[in-house]
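S.K.: After the structure tokens below, expect a handful of questions from me.
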Amino acid sequence: MTCWPSVIVATPAHSGVSASLSYRSELLLAPGTLVRVPLGKREVLGVVWDCPTEPPEGLTDSQTREVTGTLDGLPPLNARWRQLVKFAGQYYQRSLGEVALAALPPQLRELDNTQLARRLKRRTQAAAQPAESKLDQQTQPALSAEQAEALSVLDTASVPVLLFGATGSGKTEVYLRATQRVLDAQGTGGTPTQVLVMVPEINLTPQLEARFRERFEPLYGAGAVVCLHSGMTPAQRLASWLSAHTGVARIVLGTRMAIFASLPGLRLIVVDEEHDPSYKSQEGARYSARDLAVYRAKIESEALSTAGGVAGTRCQVILGSATPSLESWHAADQGRYLRLAMPARIGGGSLPRLRLVDMNHQPKGAVIAPPLLAAMGERIARGEQCLVLLNRRGYAPVLACHDCGWKSGCPHCSAYRVFHKLDRTLRCHHCGFTERVPRACPDCGNLDIAPVGRGTEQVEEQLAALLADARRPDGQPPRVARMDADSTRLKGSLETQLAALHSGEVDVLVGTQMIAKGHDFRRITLVAGINVDAALFASDHRAPERLFALLMQAGGRAGRDAAHSAASEMWVQTWTPEHPLFAALKTHDFPAFAAEQLAEREIAGMPPFGAQALLRADARTQAAAQAFLNLAAAQAVGLPHRDAITLYPAVPLTIQRVANVERAQLLVESASRGALQRFLSAWGPVLHDCRSAPEARGLVRWAVDVDPQVI
Ligand SMILES: [Zn+2]
Ligand SMILES: [Zn+2]
């Protein structure tokens, strides 16, 4: 029997190739079947989306080409997976083929059926490894009352659970127990149950991976826990993917890309550190893995309930964080998520005491205030460790006057205008209002106006000199080490540096936000944030939220030993100690901070109270990039929901030129997420047409970023 499968292949978002292509096959192919098909002169990997037995209208036998072959031995990708991919494509304004094929391991394209069969066999053999008897389960730690309560609520929750647990409160044990329950449960239709655990950056959380392996490999075999992240080789990625797809792997531990893993028995998704910006992809389909996790759990649950399984069986999602994203916090406020609080630290250690240093009262030019230096000296003398946090996330520079406190605010918005060095302008990234940088402070006439946070770049170099008089217990000067993305790029160097730290070879660790994540530094009793003001006065409305999360997380590193925790301190240097963020930080009161931030966002109509998207353009000249954006805005007249949408003027990006490409963006806002979605879908073809307009000559590429993290 001849049929005409429609097949999804990898096509760029705006290539003009329609969503699926029609082929011919003598075999009836189930939707989700992986196939090889001819495309032009090449043969490419594709996914069967549908397989009608009637030829598509207007197409004859001779016009369609034959499917080359199927990938034997692989079960089709199931309907829920296809629905997830379809949703992601629609929501993030990318083609179905681009999202679907990017979600599959690249090596799948290169293997013939013999090679594939060999790899599949290897996977099932890994599963066949005898698991030790389930009777000698290792002794699990006793649950705290809070953990037990959280687990019992998890059992009955019918909405996503926001696990709001302080650093050190034992969230991981909750994840492990919830995983255990899912794995113990019976799967439907012979498919073993599976769990997806997502982490922001896998190399920074080796302890989490170790704990999952330690707990579950003795019970389910060495192949039961697999990883999925971009640091793996193509062969490793394929092996993990095959294990997950065939149900051999029971637990997939991965970064944001793991959200698209094929998991036929999925019953639980854990998103650890759910607030972390790295869950949002910054290239290709700019998806949020956290938001897709919530959607995926919903469609899995719907399928389970219609499949008529055990009553109440669903796919649960746990979003865990000590400082949840304001989106998730707001969803819990509204009852769309269930908030579970675990405020107590296991072992009873308390969070460090906050010491604010008012930089207005410190010697002029001091990078590190004398009282902080003295406190560090005392710790070093006692053989304890200090952690100095550099907040160097790429904040757009905002200008300030240190004499009177003037900041380069926008007269039309609640945003700060950004200092653009190239043409010495101040630009509002919200409304586009632009002026030349003033020669002097507009309020007091001071000539010395400069970006907030200036002068802290050399801290690392200066720190050793500043601490020259300090002495360790053995009479030696302290050893200062640096740890950030640059210093740990070499494979294994992160481990080496961590080992040095744990063994006490390092007295002072200086680093960026990465040092705040995941690790246990038992002997650290002082954490210092020395340049936090840039985040308080940023054009990006999410900057304070990120700063609060960073400081809470870093503070959580200190004094994890109950013996040290009473004396542990967090020092923060600031020019604006009266900022409400510090009051909340002092009492470790995230709910108060969240309430204050949400109230501000509601007034400004910012997410989660309004929806945003960015249209970005790269071009050979800034004029071409902006012309494309402004033309796209002009051509949007008459599109559906246009009246519910605000299109702002095009502005250059803060870092305007990269590798000789000029970058610009245009902000799209709406009070209604639905209206924004429908508008963007209708705008897509218009954008495609604008590309070939004479004004846009020199345009290199453009992309839509839905729910952008940075504006
Ligand atoms: Zn001034
Ligand atoms: Zn403005």
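S.K.: (1) touching a residue at least 60 places away in the same chain (Cβ under 8 Å); (2) surrounded by fewer than 19 Cβ atoms within 10 Å (Cβ to Cβ): which one isn't true of LEU447, the others all being true?
M.R.: Only one criterion is unmet by LEU447, namely (1).
S.K.: Does ALA644 satisfy the criteria of being open to solvent by 30 Å² or more (accessible area, probe 1.4 Å) and modelled with pLDDT of 95 or more? Quick ask: steps written out before the conclusion?
M.R.: On the way: open to solvent by 30 Å² or more (accessible area, probe 1.4 Å): yes; modelled with pLDDT of 95 or more: yes.
Here the answer is yes, as ALA644 does meet what is asked.
S.K.: Out of all the residues in the stretch 622-658, which are within 19 Å of ALA703 (Cβ to Cβ) and part of a helix (DSSP H, G or I)?
M.R.: GLN622, ALA624, ALA625, GLN626, ALA627, PHE628, LEU629, ASN630, LEU631, ALA632, ALA633, listed by residue number.
S.K.: Continuing with this model, one more query. Within the stretch 324-344, does at least one residue satisfy the condition of being in a loop (DSSP other than H, G, I, E, B) and open to solvent by less than 10 Å² (accessible area, probe 1.4 Å)?
M.R.: yes
S.K.: Select from the stretch 213-231 the residues that are in contact (Cβ under 8 Å) with a residue 40 or more places away in the chain and in contact with a Leu (Cβ under 6 Å, 6 or more places away or on another chain) and list them in ascending order.
M.R.: Passing the criteria: only ARG215.
S.K.: When residues of the stretch 281-296 are filtered for being among the basic types (Lys, Arg) and open to solvent by 10 Å² or more (accessible area, probe 1.4 Å), how many remain?
M.R.: Residues meeting the conditions: 2.
S.K.: Right, here's the next one. In the stretch 379-399, how many are open to solvent by 10 Å² or more (accessible area, probe 1.4 Å) and either within 15 Å of ligand 2 (Cβ to nearest atom) or out of contact with any Phe, Trp or Tyr (no Cβ under 8 Å at 6 or more places or on another chain) (or both)?
M.R.: Counting residues in the stretch 379-399 that are open to solvent by 10 Å² or more (accessible area, probe 1.4 Å) and either within 15 Å of ligand 2 (Cβ to nearest atom) or out of contact with any Phe, Trp or Tyr (no Cβ under 8 Å at 6 or more places or on another chain) (or both) gives 11.
S.K.: Filter the stretch 578-613 down to the residues that are over 30 Å from LEU666 (Cα atoms) and open to solvent by 40 Å² or more (accessible area, probe 1.4 Å) and list them by number.
M.R.: GLU578, PRO580, ALA583, LYS586, THR587, HIS588, ASP589, PRO591, ALA592
S.K.: It is to be established whether one or more residues within the stretch 54-65 are in contact (Cβ under 8 Å) with a residue 12 or more places away in the chain, in a strand (DSSP E or B), in contact with a Pro (Cβ under 8 Å, 6 or more places away or on another chain) and surrounded by fewer than 16 Cβ atoms within 10 Å (Cβ to Cβ).
M.R.: yes
S.K.: Can SER240 be described as polar (S, T, N, Q) and either buried (at least 24 other Cβ atoms within 10 Å of the Cβ) or more than 22 Å from ARG286 (Cβ to Cβ) (or both)?
M.R.: So SER240 passes the test.
S.K.: Could I ask something else about it? Going through the stretch 405-437 one residue at a time, which ones are away from ligand 2 (no atom under 16 Å from the Cβ) and among the polar types (S, T, N, Q)?
M.R.: Result: no residue meets the conditions.
S.K.: Hey, another quick one. Find the strands (runs of 3 or more DSSP E) located wholly in the stretch 438-554 whose residues include 3 or more that are at pLDDT below 75, more than 16 Å from ligand 2 (Cβ to nearest atom) and in contact with a Ser or Thr (Cβ under 8 Å, 6 or more places away or on another chain), and list them.
M.R.: Where strands (runs of 3 or more DSSP E) fall fully within the stretch 438-554, none carries at least 3 residues being at pLDDT below 75, more than 16 Å from ligand 2 (Cβ to nearest atom) and in contact with a Ser or Thr (Cβ under 8 Å, 6 or more places away or on another chain).
S.K.: Looking only at the stretch 398-415, count every residue that is modelled with pLDDT of 80 or more and away from ligand 1 (no atom under 15 Å from the Cβ) and tell me the total.
M.R.: Total meeting the criteria: 3.
S.K.: Is it fair to say HIS402 is of a type outside the set (Val, Ile, Thr) and within 16 Å of ligand 2 (Cβ to nearest atom)? Walk me through how you get there before you give the answer.
M.R.: Numbers: of a type outside the set (Val, Ile, Thr): yes; within 16 Å of ligand 2 (Cβ to nearest atom): no.
It is false that HIS402 is of a type outside the set (Val, Ile, Thr) and within 16 Å of ligand 2 (Cβ to nearest atom).
Listed here are the residues, each with its yes/no results for (1) modelled with pLDDT of 95 or more; (2) in a strand (DSSP E or B); (3) of a type outside the set (A, V, I, L, M).
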{"site": "GLU662", "(1), (2), (3)": "no, yes, yes"}
{"site": "GLN677", "(1), (2), (3)": "yes, no, yes"}
{"site": "ASP689", "(1), (2), (3)": "no, no, yes"}
{"site": "TRP702", "(1), (2), (3)": "no, yes, yes"}
{"site": "GLN709", "(1), (2), (3)": "no, no, yes"}
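S.K.: Across the stretch 426-437, what is the total count of residues that are outside any loop (DSSP other than H, G, I, E, B) and surrounded by 15 or more Cβ atoms within 10 Å (Cβ to Cβ)?
M.R.: Residues flagged as outside any loop (DSSP other than H, G, I, E, B) and surrounded by 15 or more Cβ atoms within 10 Å (Cβ to Cβ) within the stretch 426-437 amount to 3.
S.K.: Just wondering, is there one or more residues in the stretch 199-215 that are at pLDDT 95 or above, open to solvent by 10 Å² or more (accessible area, probe 1.4 Å), within 21 Å of PHE164 (Cβ to Cβ) and over 12 Å from the mean Cα position of the chain (by Cα)?
M.R.: no
S.K.: Of the residues THR70, THR114, which is of a type in the set (Ser, Thr, Tyr), open to solvent by 60 Å² or more (accessible area, probe 1.4 Å) and over 18 Å from ILE299 (Cα atoms)?
M.R.: That would be THR114, the only listed residue that is of a type in the set (Ser, Thr, Tyr), open to solvent by 60 Å² or more (accessible area, probe 1.4 Å) and over 18 Å from ILE299 (Cα atoms).
S.K.: Further question: Among the residues of the stretch 354-397, which ones are over 18 Å from VAL510 (Cβ atoms), modelled with pLDDT under 90 and small (Gly, Ala, Ser)?
M.R.: GLY365, GLY383, GLY394, ALA396 - these are the residues of the stretch 354-397 that are over 18 Å from VAL510 (Cβ atoms), modelled with pLDDT under 90 and small (Gly, Ala, Ser).
S.K.: Suppose the filter is open to solvent by less than 20 Å² (accessible area, probe 1.4 Å) and touching a strand residue (DSSP E or B) at 6+ places or on another chain (Cβ under 6 Å); does LEU356 pass it? Steps first, answer last, please.
M.R.: Details: open to solvent by less than 20 Å² (accessible area, probe 1.4 Å): no; touching a strand residue (DSSP E or B) at 6+ places or on another chain (Cβ under 6 Å): yes.
It is false that LEU356 is open to solvent by less than 20 Å² (accessible area, probe 1.4 Å) and touching a strand residue (DSSP E or B) at 6+ places or on another chain (Cβ under 6 Å).
Yes/no per residue for (1) more than 17 Å from PHE537 (Cα to Cα); (2) within 16 Å of ligand 1 (Cβ to nearest atom):
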{"site": "ALA344", "(1), (2)": "yes, no"}
{"site": "SER350", "(1), (2)": "yes, no"}
{"site": "ARG353", "(1), (2)": "yes, no"}
{"site": "HIS361", "(1), (2)": "yes, no"}
{"site": "ILE380", "(1), (2)": "yes, no"}
{"site": "CYS441", "(1), (2)": "no, yes"}
{"site": "CYS444", "(1), (2)": "yes, yes"}
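S.K.: Next question, about the same structure. For LEU304, are the conditions met, namely being touching a Ser or Thr at 6+ places or on another chain (Cβ under 6 Å) and either farther than 27 Å from PRO708 by Cα or open to solvent by 30 Å² or more (accessible area, probe 1.4 Å) (or both)?
M.R.: Yes, satisfied.
S.K.: Criterion first (under 17 Å from ALA528 (Cβ atoms), surrounded by fewer than 22 Cβ atoms within 10 Å (Cβ to Cβ) and out of contact with any helix residue (DSSP H, G or I) (no Cβ under 6 Å at 6 or more places or on another chain)) does MET376 satisfy it?
M.R.: Details: under 17 Å from ALA528 (Cβ atoms): yes; surrounded by fewer than 22 Cβ atoms within 10 Å (Cβ to Cβ): no; out of contact with any helix residue (DSSP H, G or I) (no Cβ under 6 Å at 6 or more places or on another chain): yes.
Criteria not met by MET376.
S.K.: Looking only at residues in the stretch 243-264 that are in contact with a Lys or Arg (Cβ under 8 Å, 6 or more places away or on another chain) and open to solvent by less than 10 Å² (accessible area, probe 1.4 Å), which one is farthest from ARG339 (Cα to Cα)?
M.R.: Selected residue: SER243.
S.K.: Same structure, new question: Looking at the stretch 624-641, which of the residues that are aliphatic (A, V, I, L, M) and free of Cβ contacts under 8 Å to residues at least 12 places away in the same chain is most open to solvent (accessible area, probe 1.4 Å)?
M.R.: Among residues in the stretch 624-641 that are aliphatic (A, V, I, L, M) and free of Cβ contacts under 8 Å to residues at least 12 places away in the same chain, the one most open to solvent (accessible area, probe 1.4 Å) is VAL637.
S.K.: For ALA599, are the conditions met, namely being among the small types (Gly, Ala, Ser) and farther than 19 Å from ALA538 by Cβ?
M.R.: Taking the combined requirement at face value, the residue does not satisfy it.
The values are calculated or read from the model by the stated rules, or taken from the named source; none is laboratory data. Please read all numbers here as calculations on a predicted model, not as lab measurements. Cβ sites come from the backbone with ideal geometry, for glycine too, and all protein chains shown count toward neighbours. Note: accessible area is taken over every heavy atom of the protein model, side chains too, but ligands, DNA and RNA are not part of it. Shrake-Rupley method; radii C 1.70, N 1.55, O 1.52, S 1.80 Å.
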